[in-house]
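Colleague: There's a structure below that I have some questions on.
The values are calculated or read from the model by the stated rules, or taken from the named source; none is laboratory data. Please read all numbers here as calculations on a predicted model, not as lab measurements. Because the Cβ atoms are built from the backbone with ideal geometry, glycine has one as well, and the counts that use them run over all protein chains shown.
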Amino acid sequence: MKAFLKWTGVTIGSLIILFALVGLFLPAEYSASRSIEIQQPVDRVFPLVNSLEEQQKWSPWREADPDMQIEWSEKVAGEGATYSWKGPISGEGSMTIVRSVENQALDTALEFKDQGQAMATWKFEPMGDNAVKVTWGFSGDAGWNLMGRYFGLFMDSFIGPDFERGLANLKKLAETGEATNQI
């Protein structure tokens, strides 16, 4: 029995050491992005992303967590606009627009309570007079958090479907005027 317990302890210890060593060599930075072409001019689409209130009409997370409570800052659009959320499914966090270049790009800083920070980026590329390619990206840095590094390996598969759903909702809102989420 002693030999079995010793062998089990050595095996478990070895697996923990292997997990830590592999984790140290995994990339600390993670990212994901998705794109969609919307058949509307960029100046019709950009405001739907640049306004945090408008975002709630197509947000995949608002759709998944309709009981989410939102607290708005005084400014709700453009650089400096902020809101915080708390929901049974979405947890707690805040988002701030840190850079807004009209009809071109938008960067948001995300703060997830107990889960750290990340950045979301938006790029708007006009495709002629009546279409725009919208790219939504997400990136972060797990630092020395080994679990975060392992989690980062799967970030694209975790968040990609949400981005696809959100972009499809944005496309529908921009092209038809029909909001997916009622706020």
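Colleague: Testing Ser90 on (1) out of contact with any strand residue (DSSP E or B) (no Cβ under 9 Å at 6 or more places or on another chain); (2) at pLDDT 95 or above; (3) surrounded by 15 or more Cβ atoms within 10 Å (Cβ to Cβ); (4) more than 23 Å from Glu178 (Cα to Cα), one condition comes back false. Which one is that?
Modeller: It is condition (2) that Ser90 fails.
Colleague: Pull out all pairs, ordered by first then second residue, where Cβ-Cβ is under 6 Å, the residues are six or more apart or on different chains, the first lies in segment 74-97 and is free of Cβ contacts under 8 Å to residues at least 60 places away in the same chain, and the second is crowded, with 16+ Cβ neighbours inside 10 Å and part of a loop (DSSP other than H, G, I, E, B).
Modeller: Lys75/Ala81; Trp85/Met68; Gly87/Asp65; Gly87/Met68; Ile89/Asp65; Ser90/Asp65; Ser90/Met68; Ile97/Ala81
Colleague: I'm checking my understanding of the structure. Among residues of segment 146-158 that are of a type outside the set (A, V, I, L, M) and touching a Gly at 6+ places or on another chain (Cβ under 8 Å), which one is farthest from Leu21 (Cα to Cα)?
Modeller: Residues of segment 146-158 that are of a type outside the set (A, V, I, L, M), as a first pass: 148-152, 154, 156-158.
Restricting the remaining residues to those that are touching a Gly at 6+ places or on another chain (Cβ under 8 Å) gives 148-150, 152.
Numbers: Gly148: 14, Arg149: 12, Tyr150: 12, Gly152: 16 Å.
Out of the qualifying residues, it is Gly152.
Colleague: Can you find a residue that is surrounded by 15 or more Cβ atoms within 10 Å (Cβ to Cβ), among the β-branched types (Val, Ile, Thr) and not in a loop (DSSP other than H, G, I, E, B) anywhere in segment 146-166?
Modeller: Looking for residues that are surrounded by 15 or more Cβ atoms within 10 Å (Cβ to Cβ), among the β-branched types (Val, Ile, Thr) and not in a loop (DSSP other than H, G, I, E, B), one finds at least one in segment 146-166, hence yes.
Colleague: Additional query: Residues being buried (at least 19 other Cβ atoms within 10 Å of the Cβ) and closer than 19 Å to Val98 by Cβ: count how many of those fall in segment 33-47.
Modeller: Qualifying residue count, segment 33-47: 1.
Colleague: For segment 131-155, which residues satisfy the criterion of being in contact with a Lys or Arg (Cβ under 9 Å, 6 or more places away or on another chain) and either without any contact (Cβ under 8 Å) to a residue 24 or more places away in the chain or not hydrophobic (A, V, I, L, M, F, W, C) (or both)? It would help to see each step written out before you state the result.
Modeller: To start, the set of residues in segment 131-155 that are in contact with a Lys or Arg (Cβ under 9 Å, 6 or more places away or on another chain) comprises 132-137, 142-143.
Within segment 131-155, Lys133, Thr135, Gly137, Gly143 qualify.
Colleague: Report yes if some residue within segment 3-25 is surrounded by fewer than 19 Cβ atoms within 10 Å (Cβ to Cβ), touching a residue at least 12 places away in the same chain (Cβ under 8 Å), outside any helix (DSSP H, G or I) and of a type outside the set (A, V, I, L, M, F, W, C); otherwise report no.
Modeller: no
Colleague: Name, by its number, the condition in (1) surrounded by fewer than 19 Cβ atoms within 10 Å (Cβ to Cβ); (2) in contact (Cβ under 8 Å) with a residue 24 or more places away in the chain; (3) assigned to a strand (DSSP E or B); (4) over 15 Å from the mean Cα position of the chain (by Cα) that does not hold for Ser100.
Modeller: Going through the list (1) surrounded by fewer than 19 Cβ atoms within 10 Å (Cβ to Cβ); (2) in contact (Cβ under 8 Å) with a residue 24 or more places away in the chain; (3) assigned to a strand (DSSP E or B); (4) over 15 Å from the mean Cα position of the chain (by Cα), Ser100 breaks only (1).
Colleague: Another question about this same structure. Which residue out of Thr176, Thr108 is within 21 Å of Ile38 (Cβ to Cβ), free of Cβ contacts under 8 Å to residues at least 24 places away in the same chain and crowded, with 17+ Cβ neighbours inside 10 Å?
Modeller: Only one candidate passes the filter, namely Thr108.
Colleague: Related question: For segment 103-117, name all the residues that are of a type in the set (Asp, Glu), more than 13 Å from Gly78 (Cα to Cα) and part of a strand (DSSP E or B).
Modeller: Glu111 - this is the single residue of segment 103-117 that is of a type in the set (Asp, Glu), more than 13 Å from Gly78 (Cα to Cα) and part of a strand (DSSP E or B).
Colleague: What's the total number of residues in segment 50-91 that are aliphatic (A, V, I, L, M) and assigned to a strand (DSSP E or B)?
Modeller: Keep residues of segment 50-91 that are aliphatic (A, V, I, L, M), which gives 52, 64, 68, 70, 76-77, 81, 89.
Now narrow it down to the ones that are assigned to a strand (DSSP E or B): 70, 77.
Selection size over segment 50-91: 2.
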